[in-house]
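Reading through the structure tokens given below for one structure.
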Amino acid sequence: MVIDSVSQGQFGLDQMVIRRINSVFAAFPSIGKVILYGSRAKGNQRPGSDIDLVIVGADVTEEKILEMDNRLEELLLPYTIDLSRFHEIENPKLIEHIDRVGIVFFSKRPEEHKPNTVDSGKIT
């Protein structure tokens with residue numbers, strides 16, 4: 001079951017935009033979940049703010065990230081989407097930021113429908 005943990009109008013994104021983005025993630029079985037962070041997660045986004053997303057999944061390769069990027073670009077959305085893999089983040093301040101403000105944007109498991117599923121730099 002694919003879930004959206006964000007509601008209409010949150011983060012300055014229309015629900016249809018969220019669903020279109022999540023349809024890309026649903027096509028990749030190796031994704032465990034996708035966490036939204038940055039200004040949109042904090043609620044202080046501005047017009048033109050990018051969408052910062054971190055991908056959680058043990059088998060998500062760089063090639064898969066590039067394929068996701070290409071599919072997201074094909075949606076022709078008026079946003080820049082910044083994808084990264086959680087397990088490759090080395091900056092402790094960024095890990096702490098994701099831990100503090102990260103929100104599940106996409107998950108295939110309903111039990112992960114929580115505002116923050118990052119615990120002390122470790123994805124739960």
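The values are calculated or read from the model by the stated rules, or taken from the named source; none is laboratory data. Note that the structure is predicted; figures quoted are calculated from it, not measured. Glycine gets a Cβ as well: all are built from the backbone with ideal geometry, and neighbour counts include every protein chain shown.
One line per residue, one yes/no per condition, for (1) within 23 Å of Arg109 (Cα to Cα); (2) loosely packed, with under 12 Cβ neighbours inside 10 Å; (3) touching a Cys at 6+ places or on another chain (Cβ under 6 Å):
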site	(1), (2), (3)
Met16	yes, yes, no
Tyr37	yes, no, no
Lys42	no, no, no
Gln45	no, no, no
Of the residues in the range 57-76, those that are modelled with pLDDT of 95 or more and among the hydrophobic types (A, V, I, L, M, F, W, C) come to Ile65, Leu66, Met68, Leu72, Leu75, Leu76
Failed item in (1) free of Cβ contacts under 8 Å to residues at least 24 places away in the same chain; (2) assigned to a loop (DSSP other than H, G, I, E, B), with Val60 passing the rest:
(1)
For the range 6-18, pairs from a residue that is within 16 Å of Pro47 (Cβ to Cβ) and modelled with pLDDT under 90 to a residue that is part of a helix (DSSP H, G or I) and not small (Gly, Ala, Ser), with Cβ under 6 Å and 6 or more apart or across chains, are Phe11/Arg40
When you check Lys93 against the structure, is it more than 12 Å from the chain's Cα centre (by Cα), surrounded by fewer than 18 Cβ atoms within 10 Å (Cβ to Cβ), at pLDDT below 95 and of a type outside the set (Val, Ile, Thr), yes or no?
no
Inspect the range 79-92 for any residue being in contact with a Phe, Trp or Tyr (Cβ under 9 Å, 6 or more places away or on another chain) and not aromatic (Phe, Trp, Tyr) and give the result as yes or no.
no
When (1) in a strand (DSSP E or B); (2) of a type outside the set (D, E, K, R); (3) in contact (Cβ under 8 Å) with a residue 60 or more places away in the chain are applied to Leu53, the one that fails is (3)
